[in-house]
Structure formats: structure tokens, C-alpha cells
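> Okay, handing you the structure first.
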Amino acid sequence: MPDAAPVRVMGILNATPDSFSDGGRFLDPAAALVQARRMAAEGAQILDIGGESTRPGAPAVDAGTEIERVVPLIAALRAERPITLSVDTMKPEVARAAVAAGADIWNDVSALTWAPDSAEVAAELGCQVVLMHMLGDPRTMQTAPRYEDVVGEVEAYLLARAEAAMAAGVARDRIWLDPGIGFGKTLAHNLALLARLDRFVALGFPMLLGVSRKSFIKAIDPRAESPGDRLGGSLACALAGARAGVAAVRVHDVVETVQALAVARALQAAG
Ligand code: HH2
């Protein structure tokens, strides 16, 4: 196997009261900054900052509240270090404020479908954009999700969203794709996608993979009731992503993921 580029680690920072894993811990800007610095020191090359939870059934947050949560953090981090910054939002007005404050990536779990002008705003901002697959929206997505061919349907959706973004003026080399593990998927759907990440990588866009601490791990290991108990499963998936050639993994546990990826690379080089 050729020596692929190292997988980048994107550290998750949720400035929210209710995210499924770190909710409430980083709503205080001082605590969020400490966590951001810590993840950067641990080897995260990208920080993904969110102000609205996308967990199933999470209440919607208005744009003003989201901006208040994420923009001061992005501005403070941009002023102190050259790390790549991403904003996790579905709302164009939040993306606009975040990019003005120094964000490099708009991570949109709605793949630029949340607002009619999302794709035009992404083109105008000129930032990188992550287009993620989700079935429905966060309030409804886990209600009996159904696919005939989950890999084929997610692939077709992502390609269609990339085409729509490019038609609106987003440059091809600014687009990332993400299969959206856990967003309107059963355990079987998630496993089918994780087993065929190579097909998504073959689409020719950088792939982002978000598996960290997600509840499908509990469906495999019922002892992993709390998100903090899901490190082993998260690392197994990050390594599967690295083997398939994803560009980045989105994680809560940065130091452990950096180590697992480094050991996997060393083993690959030795073999
Ligand atoms: N997963 C979550 C949020 N944003 N973005 C992308 N591109 N891919 C993902 O898999 C993804 C994402 C959910 O995780 P988290 O941010 O930890 O929780 P919450 O949505 O409850 O804030």
C-alpha cells in the first residue's frame, strides 16, 4: 500500500449546554479556550467549534445565540495561533460571522441545504466546506431510517451536494465530504458505511469521518453506556478510516487518537 498522507485530527469543541458528550463543559469561554489549547498541544491540526447540538431531538438554537457562543472563541483562537479552525453550523449567518472572525472551514451537517442561500454564501465566503449526509433533520433523523442501498444512496447524495455547491460557485478544491455516521442511520447502516469508506475516498474529495463516542458503539458494546466509555470503539473506527484513506477524523479524545494513528503508521511503514 502506498504511504498515504497522515490523517489529520480534528478536535471537537462544543460551546453548548447539551451536546451528547461534552455538553455544558465548554459553554464558559474560558473553559473552552483551555480545552482548545489543550487539544492543539495534543496534536489536533483542526479545531471544530460548534454552538448548537445536532444530537437526535436537540432543541434548535437561534443564530444570534450560536454566534455569541462560537465567534468570540474563534476570534480568540485565531489571534493566538495558526491552527485550522472550523465552525460546525447549519446557518449561513453563523458561518459568515465565524469566517469573518477567522474560521477556515464551514462544517455543515446539512450539506448546504438548511437555508436557500447556503451554497451562495459558501461560495461568497470562499472558505472550505464540509458537506455531510444526514437523513432528514436532527429532530427526526433517528425515527426508523430506511435505505435500499445505504452506501450507494449516501454516495449519490454527497456527489449531488458537491455538484450543487460547485454550481453555486464553490471551488472544487474547497469541498470535503462526510458520510454522516449516526445521522439517520441504524447500527447496520453505520457499519455498512464504515466498511466501505474506500468507496467514499475514491470520489476524489477529502473525506471527514465523525465517529467519536457515538451511540452505535453502545449498540455493539452495551457496557459503553456513557459517551466517555466509548474510546476503544472510537479508536477502532478512526483506524478503519485511516486504512481507507480519509483526510481527517473528528474526535473528542485527541491525544489517544493521535497516538493510535501514529502507531498504525509506524506499523504500516515497518511492514
Ligand atoms: N457529528 C456531530 C456533529 N457534527 N460534523 C461532521 N462533519 N461529521 C460528524 O460526524 C458530526 C459533525 C455530532 O457530534 P458532537 O458534536 O460531539 O455532538 P453534538 O452534535 O451533540 O454537539
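The values are calculated or read from the model by the stated rules, or taken from the named source; none is laboratory data. Please read these numbers as outputs of a predicted model, since none were measured by experiment. Positions of Cβ are generated from backbone atoms using ideal geometry, with glycine treated the same way; all protein chains shown enter the neighbour counts. Just the protein is used for accessible areas: all its heavy atoms, side chains included, with ligands, DNA and RNA removed. Shrake-Rupley method; radii C 1.70, N 1.55, O 1.52, S 1.80 Å.
> Sort out which residues of the stretch 91-113 are of a type outside the set (Val, Ile, Thr), within 24 Å of VAL246 (Cβ to Cβ) and not in a helix (DSSP H, G or I), and write them in order of number. Don't jump to the end; show me each part of the working.
Initial filter on the stretch 91-113 (of a type outside the set (Val, Ile, Thr)): 91-93, 95-98, 100-104, 106-108, 110-112.
Pick out the ones that are also within 24 Å of VAL246 (Cβ to Cβ) and you get 95, 98, 103-104, 106-108, 110-112.
The answer is ALA103, ASP104, TRP106, ASN107, ASP108, SER110, ALA111, LEU112.
> GLU148 is checked against (1) away from the ligand (no atom under 16 Å from the Cβ); (2) over 27 Å from THR84 (Cβ atoms); (3) touching a residue at least 24 places away in the same chain (Cβ under 8 Å) and fails just one. What number does that condition carry?
(3)
> Quick one: which residue in ALA79, ALA100 is of a type in the set (A, V, I, L, M, F, W, C), more than 13 Å from the ligand (Cβ to nearest atom), farther than 23 Å from VAL9 by Cα and open to solvent by 40 Å² or more (accessible area, probe 1.4 Å)?
Of ALA79, ALA100, the one residue that is of a type in the set (A, V, I, L, M, F, W, C), more than 13 Å from the ligand (Cβ to nearest atom), farther than 23 Å from VAL9 by Cα and open to solvent by 40 Å² or more (accessible area, probe 1.4 Å) is ALA100.
> Then there is this: Working carefully through the options LEU125, LEU131, find the one that is open to solvent by less than 60 Å² (accessible area, probe 1.4 Å), modelled with pLDDT of 95 or more and more than 16 Å from the ligand (Cβ to nearest atom).
Working: LEU131 fails: more than 16 Å from the ligand (Cβ to nearest atom).
Answer to the selection: LEU125.
> For the list (1) open to solvent by less than 10 Å² (accessible area, probe 1.4 Å); (2) touching a helix residue (DSSP H, G or I) at 6+ places or on another chain (Cβ under 8 Å); (3) not acidic (Asp, Glu), I need the number of the one condition that PRO72 fails.
(1)
> Sticking with this one: Which numbered condition trips up VAL151, out of (1) surrounded by 17 or more Cβ atoms within 10 Å (Cβ to Cβ); (2) hydrophobic (A, V, I, L, M, F, W, C); (3) not in a helix (DSSP H, G or I)?
Failing condition for VAL151: (3).
> Does LEU187 satisfy the condition of being closer than 17 Å to GLY245 by Cα and either open to solvent by 10 Å² or more (accessible area, probe 1.4 Å) or in contact with a helix residue (DSSP H, G or I) (Cβ under 7 Å, 6 or more places away or on another chain) (or both)?
So LEU187 fails the test.
> Give the number of residues within the stretch 201-235 that are over 21 Å from ILE46 (Cα atoms), within 12 Å of the ligand (Cβ to nearest atom) and touching a Gly at 6+ places or on another chain (Cβ under 9 Å).
2
> State yes or no: is ASP108 modelled with pLDDT of 95 or more, acidic (Asp, Glu) and crowded, with 21+ Cβ neighbours inside 10 Å?
When the stated conditions are applied, ASP108 passes them.
> Being within 14 Å of the ligand (Cβ to nearest atom), surrounded by fewer than 17 Cβ atoms within 10 Å (Cβ to Cβ) and of a type in the set (Gly, Ala, Ser) narrows it down to one residue among GLY43, GLY50, GLY57, GLY11; which is it? Before you say what the answer is, go through the steps one by one.
On the way: GLY43 fails: within 14 Å of the ligand (Cβ to nearest atom); GLY50 fails: surrounded by fewer than 17 Cβ atoms within 10 Å (Cβ to Cβ); GLY11 fails: surrounded by fewer than 17 Cβ atoms within 10 Å (Cβ to Cβ).
Going through GLY43, GLY50, GLY57, GLY11 in turn, the sole match is GLY57.
> Can we say ALA79 is over 19 Å from the mean Cα position of the chain (by Cα), closer than 23 Å to SER118 by Cβ and among the small types (Gly, Ala, Ser)?
When the stated conditions are applied, ALA79 does not pass them.
> Please go through the stretch 217-271 and pick out each residue that is part of a strand (DSSP E or B) and not hydrophobic (A, V, I, L, M, F, W, C).
Narrowing the stretch 217-271 to residues part of a strand (DSSP E or B): 248-251.
The answer is ARG250, and nothing else.
> On to the next question. Suppose the filter is free of Cβ contacts under 8 Å to residues at least 60 places away in the same chain, open to solvent by less than 10 Å² (accessible area, probe 1.4 Å) and among the aliphatic types (A, V, I, L, M); does LEU27 pass it?
Criteria not met by LEU27.
> So which of ASP117, ASP198, ASP173 is more than 13 Å from the ligand (Cβ to nearest atom), open to solvent by 40 Å² or more (accessible area, probe 1.4 Å) and without any contact (Cβ under 8 Å) to a residue 24 or more places away in the chain?
ASP173 is the lone residue from the list that is more than 13 Å from the ligand (Cβ to nearest atom), open to solvent by 40 Å² or more (accessible area, probe 1.4 Å) and without any contact (Cβ under 8 Å) to a residue 24 or more places away in the chain.
> Also, quick follow-up: Are any residues in the stretch 33-68 under 16 Å from the mean Cα position of the chain (by Cα), farther than 25 Å from THR140 by Cα and assigned to a loop (DSSP other than H, G, I, E, B), and if so, which ones?
Residues satisfying the conditions are ALA44, GLN45.
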